[in-house]
Each structure stands twice: as C-alpha cells, then as structure tokens.
Number of protein chains: 2
Amino acid sequence: MEKDFKGLSQFYGDKLLHDVMPFWINHSLDHELGGYFTCLTREGQVFDTDKFLWLQNRELWMFSFLHEHLDAKSEWKDAACLGYNFLKKYGRASDGSWYFSVDRQGNPLIHPYNIFSDCFATMGFSQYAKMTGNDEAMQIAIATFNNILRRQGNPKGIWNKTIPSSRNLVNFSLPMILSNLVLLLKDVLPKDRVDQTVQECVNMVMNIFRDKDRGIIFENVLPNGDHHNSYEGRLINPGHGIESMWFIMDIAHAYGDTELMKQAVDTTISILEFGWDKDYEGIFYFLDEKGYPPLQLEWDQKLWWVHLETLISLSKAYLYTGDERCWEWYKKVHKYAWSHFNDDTFGEWFGYLNRQGNPLTTLKGSKWKGCFHLPRALYQCSITFAMLDKIQTKKNAV
Amino acid sequence: MEKDFKGLSQFYGDKLLHDVMPFWINHSLDHELGGYFTCLTREGQVFDTDKFLWLQNRELWMFSFLHEHLDAKSEWKDAACLGYNFLKKYGRASDGSWYFSVDRQGNPLIHPYNIFSDCFATMGFSQYAKMTGNDEAMQIAIATFNNILRRQGNPKGIWNKTIPSSRNLVNFSLPMILSNLVLLLKDVLPKDRVDQTVQECVNMVMNIFRDKDRGIIFENVLPNGDHHNSYEGRLINPGHGIESMWFIMDIAHAYGDTELMKQAVDTTISILEFGWDKDYEGIFYFLDEKGYPPLQLEWDQKLWWVHLETLISLSKAYLYTGDERCWEWYKKVHKYAWSHFNDDTFGEWFGYLNRQGNPLTTLKGSKWKGCFHLPRALYQCSITFAMLDKIQTKKNAV
C-alpha cells in the first residue's frame, strides 16, 4: 500500500457520499411518524421499529454534522429535522433526562437509566442547533450537558445495582465520552468551563484509567487509578481505549500539548499490540489483563466500530506526529477492516464478525449499530488524509 | 450406538463420582472463609473470589441432593455445611431477599435485583434441611419461597428498567424454574398449595409460553400468550425450552397425566428441530423466531448446560414414552456433547464452544458456570438409564 493520501481521502469520501449516507437516507427515515429506524437487515429492510435514544441522537448528530462540515445538502437537513422533532417531543422524561428507548410512536419503553442517552442527545441537539440556529435545541443541549455533569457521581441513579460502599470501581466510558463532547461544545460553553472540563477528562483518561507502565486503558479502576483484581477490574476493551486516544489527540492538538500527543500516540500503539489477534488478525472486543477468561462471551469477536475508531486514531496519529509505526499499523488495520467488514453487494458495513473474520450476523443496524461510527470514521479519515496529502504536496514542491 | 442402558448409566455415574464431584471438592471449597469458589480455570485454579448467590446456592443444593439421593458421603455433607453457614450469615439483605453477589468475605456487592438468587436459595436450603434435619434451614427456605411468590408480579422490583405500562411482556424464566422448584418442595408444602402451584406453572409453560402450532417456547410473551413483534418478543432460547420440558415431564409423571407427557415430549422434539445447527451440529444458544438477527452476540455459541438439559429431557422422554424419535435424537446429542464439551485432560466440561465446536474459553467455572448443570445431568441421566436398563432386563426375561 502506497502513501497515496489523496487516493485514500477520495476513497473514504466516496464511500461516505455514495454508499453509506444514501443507505441511511433510503432505509432509516420514519417519514410517517418521525425519528429513525435503526434495526435494518443486510439489504436495509426494517425488522424492528423501537427507537433507541443512543442511536436516534447519534443519527441526528451525523446528519447535522455533515451538513455543517461537508455539504449543506437539503436532504441531510430534512433528515435531521425529522429526528429532531420526534426527539424533542418524545425523548425525555419529565425531569429532562433521556429515556433509553421509546416505541415507534414515541411511547417510553425503558427508563433513563443510561446516561449515554444524554451524552448523545447533547451531541445531537447542539449540532442541530448549530446547523439551524434553533435556540430551543441549544437550550436543551446545554441543560442536558449540565444534567450529565450533575449525575456524574452516580450515572445509573436509582437503577444502580451495585452496593455503593462495597467496591467503588469507577468506569471509563463517561470520562471518555466527555473528553469528546466538551470539544464539540467548545463554541457554546464559557471558555474556562471548557478548559476545566478538558483538564479533568485528560487527567481521568491518561492518569487514572491508563496504566502508565503497560500503556493500556482499564475499563474499571479504583478512584485513585489502582487496579482491582476482579472481573470488572481486569477488563480491557481495546476499542474503547483506542477510540479515546483520538479524542485526546484532538485535545492535545487544540491545546498544542506535544507531550500529551506523544502519550496518546504511544498508548494507541501499545493497546493495539495488546489487543491484536495474532492468530486470525483483527482486534479483540474484550480481554482480561491477566489473560484469564473474560466474562463476555463475545470477547473474541471483531466489531466494526473498534476497527473504525482505530483507523481514525492511527490516521490522526500519523498526521499529528509522522510516527511511522502509525502508518505501518494503519496499513494492517485498513487491509483487515476493508476486506472483512465492507459489504460489496448491499453497501454499508457488517457490524459483527466472528474471530475468524466471517459475519456473525449480517445486520446493518440494530439496537447498538446505527448511523454513527461508520460515517463519522469515513469523514474523519477523509479529511485527515486530505490534510496529509496537502503536507505531502507541499513537501514535494519544496 | 447400541441401547446399552446399563453401560450408559455406569458411564454417567462414573463421570459424576470419579471426575466431576472430585473436581469441585478439590478446587471450589473456601475452607478458610466458607462458601465456594466458582471461578476456576481449566485446571481448577481459582481466578476470582467473588461469591455469586446463584452458584453458591446451587452448589449447596448439589452436595445436599447427592448426599440424600446417591451416597451419604461425609465429604459431601461437610462441603454442604461449608456453604450453608456462609450463606446463612452473608447471603441475605435485611428484608430476607438474596443478594446477587458478595465478596469472598461476605460483604454484599450487588443488590438483590435478581429473583433467581432466591429460587436457588430455596432449592439449596430446603435440600440442606432434608439432609440435616436443620429446622432453621427449612424455615429460611420456606420464607424465601413465599417471598418469590409475593415478588412474582415484578421480580426485579425497584431495579426494573422497563416502564410497566409500556409493553407488559412476561418472561419465561420464573414459571419455568417454579415448575421444578415446587416439585422439589412437595414434601414440605401443604399438598393443595403444591397442586395449585403446579397447575399454574403447567398452564403458564404449556399454554402461555408454548406456541402450540409450532411447538416452541417463547422467552417473552404478552400476558395472554400472544406474540409481540420485537427483539424480546421474537426471542427463542432452545435450551431453556428443552430444560423446562423435563420439569413438565416430571410433573406429568407424578400426576399420571399422559396427555401432558405427550405434549412435553413432542415439544422437546420440535424445539430441537428448530434449534439444531444443521451446518456445524449442536444447539444454538439464541434464535429469532422469524430468522432476524438476534441481539445476543453469543447467539450461535454452543453452551454446556443447553446440551446437558437436552440429554436429560431426551432420556426421560424415552423412559416415559418409549418414543423412538427421542432415542434417535439422544444418540445425536450425546455424540456431539461428549466429543466436544468433555475435557479429557483436566476433567469436568468446557462451558462455552464457538459455533464450530471449539472452546471459546476453557474455564470450568465462572460467574455463571458452577457445580450444578453437569453433576445434576450426570445424576439424572445415570438413574434414567438405570431405569431403562431395568425395563429392558425385565422385557428380555419375559
């Protein structure tokens, strides 16, 4: 594989514009009742109509984001409006927190036990507000964001089944998502608030959840970052760790912090070395840090988002540092991902492969897979390679 | 495979007495603090010390049951006492409901959100009481049983994340387990109470959860037994359905109900036909009744308990009815199960195979796999084949 950055940028852009976004525009819009269908078969047939707030808000974000950053297509704006109106009306409980799911009509199904519904609502609503200038959308986004910060200490609230005094493990997901969310909100929050939240997130991710000696991220640690020798305490989710590293790289880039950038790049590489399946290729979904059997029966599967987030992290790492290890790894992951996940026949990507690399299910969308990781990664990789191409062209001209 | 019932009975009995029970006696007893270790590697090394109430109570039941029904070994009684004393002291919250898990020392970790902890506590404590004549154990068992019946309408209590008015699906697990539990308690509960509970369970299992046309059991149905076209509503767990059929066969046998027996045998066969993997053999873990992609990423895996419960159901079905379809299926499942799950090197069985039949993890015990399904099935199959042998010998003598 040559360093044809222009070609790579076009390749990602074409897939985004001519395959993936049309797939969601054609199959996922509920023109009748509003919102999106996300449970789609390989061909795009709707097989379930429940509406999961994670995926609804992520799809709203995706259409709005691409409208702002890539192309002000009216079909993307219309698709965003379709989601926004449904979500504004049916997405929240009376206290403003977001349900986990509602049915097709918008009747609530699952209580707001899951704070990530709120995280993605903040993303979706703030981005929609930027696209439309809709002030109500921005007010909802900011109120939701404040709600998240308030709920940080006990995100599951009354639905928390863990006895608080017992073990007190803290989980990686929220600081990880916040480190991305806060940059997405940087235009609308006061600067000192952004700076403070960024600093807290970076500290959590890099000092508390990252094992500095081994360069890997733990999913659950004691509040001071110490490890706990239990299922939860030994759990490694390589995709999570690698995804968080491009959030950190974006922060390091925005703040001009080269030391932080180096740490994020090194961590990306060491998680990849830890998480790569040396027998069948691809990145494992879950591992036990000591090599014990993980509880998760899906531990050895290869998931679409893990590989997409890795492609983003590696391409950004290479753009920001020129570290050749990143290009070497990029080539390896690119080759594996595009030859296994891409569906040549019906478009989009398969989501779930078995360890050997064959689709475990051919669905294109579900309760967890929607219009998010693939188009976001296609966009991110496309612009990253376009920047790499500019640098290369400039170099060649000198 | 010949109809060598005597040989089969011995084969199961030998595995139970000389391999499986010694494995748990040697590796799972926490002599220091009481209770059992259930997280064991392939070789039997303890890799996690948390104590999960499902598995603690099941192991207590297993030792006590075998002591009563197979051999009054003092080591089994001692092992049961070790569990009983720990569980009596640390297993319950102040309202008498059972925690989901406690740590090695007995400090509670996870709230009593899971009513099956209580079901297995009822089993364990009542069987322990029978073995020892300990009245306190029996009082705790009966109080727990009454608690289960009281909580039936909302088993997850305050930890229920579903909005009750929304969809109102009822789940199969509780009526299924109760149909077994009530027979185990028949000596200690008033007869009319037993009869009434049996009747209710049979009605739920055979009329509400069983699809009479297709002969398969649904995991979640509307209260009148109608199907709901959603992930939950389409979910089939073949192992669950087949396991419940031997509970129903035992009821049909105890009450001399030949029509119910025939239904249970037919249902066993039709679930097997539905759930059998025609490409790689073995029984799938989860399926969607319409063939859509199941949500469960582990759907195509082959689990130890599914195959063991199937061996019990088929051997009992053959004993009770002589239906040759059951013997044909028995041979097929026996061959698959013993050639894939049995660990010739370190004893016991592997728990989790991938679709192709190779161990996905080599653990012998975990948060979910303990001293229960394997020894119970070995015992059940051993006595069932002994009875078949008696019948055969009698026939041959005539």
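Between this copy and the others, label points of A:Ala93 are 1.7 nm apart in ascending order, each placed 7 angstrom from Cα in the Cβ direction. Between the amide H of A:Ile216 and those of A:Asp211, distances stay under 5 Å, these residues lying 5 or more places away or on another chain, with hydrogens modeled in the peptide plane. Expressed as a whole percent, the accessible area of the protein assembly as shown that falls on carbon and sulfur atoms is 49 (1.4 Å probe). Here r is the Cβ-Cβ distance between A:Met1 and B:Gln152 and R0 is 45 Å; the resulting FRET efficiency, rounded to 0.05, is 0.15. Take A:Ser74: with every protein chain present and a 1.4 Å probe, its accessible area is about 80 Å².
Taking amide H positions as modeled 1.01 Å from N, with prolines and chain starts lacking one, the residues under 5 Å from A:Ser101 and 5 or more places away or on another chain are A:Leu53, A:Leu109, A:Ile110. Two numbers describe the Cα atoms of the protein assembly as shown: Rg and Dmax, which are 28.2, 103 Å. Enter the accessible area of B:Leu222 (Å², nearest 10), with the probe set to 1.4 Å and all protein chains included. That residue has around 40 Å² of solvent-accessible surface.
When the Gaussian network model of chain B links Cα atoms closer than 10 Å, the mean-square fluctuations of B:Gly225, B:Gly35, B:Gly133 top out at B:Gly133. Extension gain, B:Lys191 to B:Glu324, is 44.4 nm, computed as 0.36 nm per intervening residue step minus the present C-alpha separation.
For B:Gln10, inter-copy separations between label points set 7 Å beyond Cα along the Cβ vector come to 7.6 nm, shortest first.
Computed over protein heavy atoms with a 1.4 Å probe, the accessible surface of the range B:47-174 works out to 38 Å² per residue. Across the protein chains, with a 1.4 Å probe defining accessible surface, the residues B:Leu70, A:Leu184 rank B:Leu70, A:Leu184 from largest area downward. Derived scalar couplings between HN and Hα for the range B:173-188 equal 4, 5, x, 5, 5, 4, 5, 8, 4, 5, 6, 5, 9, 5, 6, 10 Hz in order, rounded to whole Hz, by the Karplus curve 6.51 cos²θ - 1.76 cosθ + 1.60 (θ = phi - 60°), x for Gly and Pro. Of the residues A:His340, A:His31, ranked by 1.4 Å probe accessible area with the largest first, the sequence reads A:His31, A:His340. Working note: Cα atoms of the range B:230-322, range along each principal axis, descending, whole Å: 41, 27, 18. The mean number of Cβ atoms from other chains found within 10 Å of a Cβ in peptide A:380-393 is 0, as a whole number.
Working from Cα pairs under 8 Å separated by at least six residues, relative contact order for chain B is 18 percent. Taking amide H positions as modeled 1.01 Å from N, with prolines and chain starts lacking one, the residues under 5 Å from A:Cys39 and 5 or more places away or on another chain are A:Phe47, A:Asp48. Its residue count N fixes a reference of 2.2 N^0.38 Å for the range B:112-238, and the Cα radius of gyration divided by that reference is 1.15.
Each label point was placed 7 Å from the Cα along the Cα-to-Cβ direction; for A:Asn168 and B:Lys161 their separation is 2.6 nm. Per-residue Karplus couplings for the range B:314-321, computed as 6.51 cos²θ - 1.76 cosθ + 1.60 with θ equal to phi - 60°, are listed in order as 5, 5, 5, 4, 5, 4, 6, 10 Hz, Gly and Pro entered as x. Structural descriptor for the range B:96-153: relative contact order 29 percent, calculated from alpha carbon pairs under 8 angstrom and at least 6 residues apart.
For chain A, a crude dipole built from +1 on the beta carbon of Lys and Arg and -1 on the beta carbon of Asp and Glu, taken about the Cα centre, is about 360 debye to the nearest 20. With the Cα gyration tensor of chain A giving a ≥ b ≥ c as the square roots of its eigenvalues, does the rule (a/c under 1.5 for rounded; else a/b larger than b/c for prolate; else oblate) give rounded, prolate or oblate? Rounded, because the longest to shortest axis ratio a/c is under 1.5.
Between the C-alpha center of the range B:39-58 and that of the range A:41-57 there is a gap of 38 Å. In order along the range B:327-344, the Karplus-derived 3J(HN,Hα) couplings, from 6.51 cos²θ - 1.76 cosθ + 1.60 at θ = phi - 60°, round to 5, 4, 5, 4, 4, 5, 6, 4, 4, 4, 5, 6, 8, 10, 8, 5, 9, 5 Hz, and Gly and Pro are given as x. Using a Gaussian network model of chain A whose springs link C-alpha atoms within less than 10 Å, name the residue from A:Arg376, A:Arg151, A:Arg104 with the highest mean-square fluctuation. Taking springs between Cα atoms under 10 Å, the residue moving most is A:Arg151.
Remark: the B:Thr393-B:Lys290 segment gains 32.5 nm on full extension, using 0.36 nm per residue and subtracting the alpha carbon distance. May I ask you to list the aspartates and glutamates whose Cα is less than 12 Å away from that of B:Lys51, ignoring any residue fewer than eight positions away on the same chain? Leaving aside aspartates and glutamates fewer than 8 places away in the same chain, those within reach of B:Lys51 are B:Asp30, B:Glu59, B:Asp103.
Using +1 at the C-beta of Lys and Arg and -1 at the C-beta of Asp and Glu, which of A:Gly291, A:Thr361, A:Trp327 has the Cα lying farthest in the positive direction of the dipole of the range A:271-398? Going by the Cα projections, it comes out as A:Trp327. Rounded to the nearest 20 debye, the dipole magnitude of the protein assembly as shown is 660 debye, with +1 charges on Lys and Arg beta carbons, -1 on Asp and Glu beta carbons, and the Cα centre as origin. Summarise the long-distance tail of P(r) for the range B:29-161 by giving the % of C-alpha pairs beyond 17 Å. That tail contains 56 percent of the Cα-Cα pairs.
Counting only protein heavy atoms and using a 1.4 Å probe, the accessible area of A:Asp4 comes to about 80 Å². Counting, for every residue in B:292-302, the Cβ atoms of other protein chains within 10 Å of its Cβ and taking the mean gives 6. Each copy carries B:Asp279; placing its label point 7 Å along the C-beta direction from Cα gives inter-copy distances of 1.9 nm, listed from smallest up. With the helix formula -39500 (n - 2.57) applied to DSSP H stretches of n ≥ 4, chain A reaches a computed 222 nm mean residue ellipticity of -17500 deg cm²/dmol.
For peptide B:42-52, the mean count of partner chain Cβ atoms within 10 Å of a residue's Cβ comes to 2.
Rounded to 0.05, the FRET efficiency of the B:Leu222 and A:Leu33 pair, given R0 = 25 Å and the Cβ-Cβ distance, is 0.70.
Between B:Asp103 and B:Asn203, full extension at 0.36 nm per residue minus the direct alpha carbon distance yields a gain of 32.1 nm.
The values are calculated or read from the model by the stated rules, or taken from the named source; none is laboratory data. Every value quoted in this text rests on a predicted model; they were computed, and no experiment measured them. Backbone-built Cβ (ideal geometry, glycine too); neighbour counts: all protein chains shown. Just so you know, the surface numbers come from the protein's heavy atoms only, side chains and all, with ligands and any DNA or RNA stripped out. Shrake-Rupley method; radii C 1.70, N 1.55, O 1.52, S 1.80 Å.
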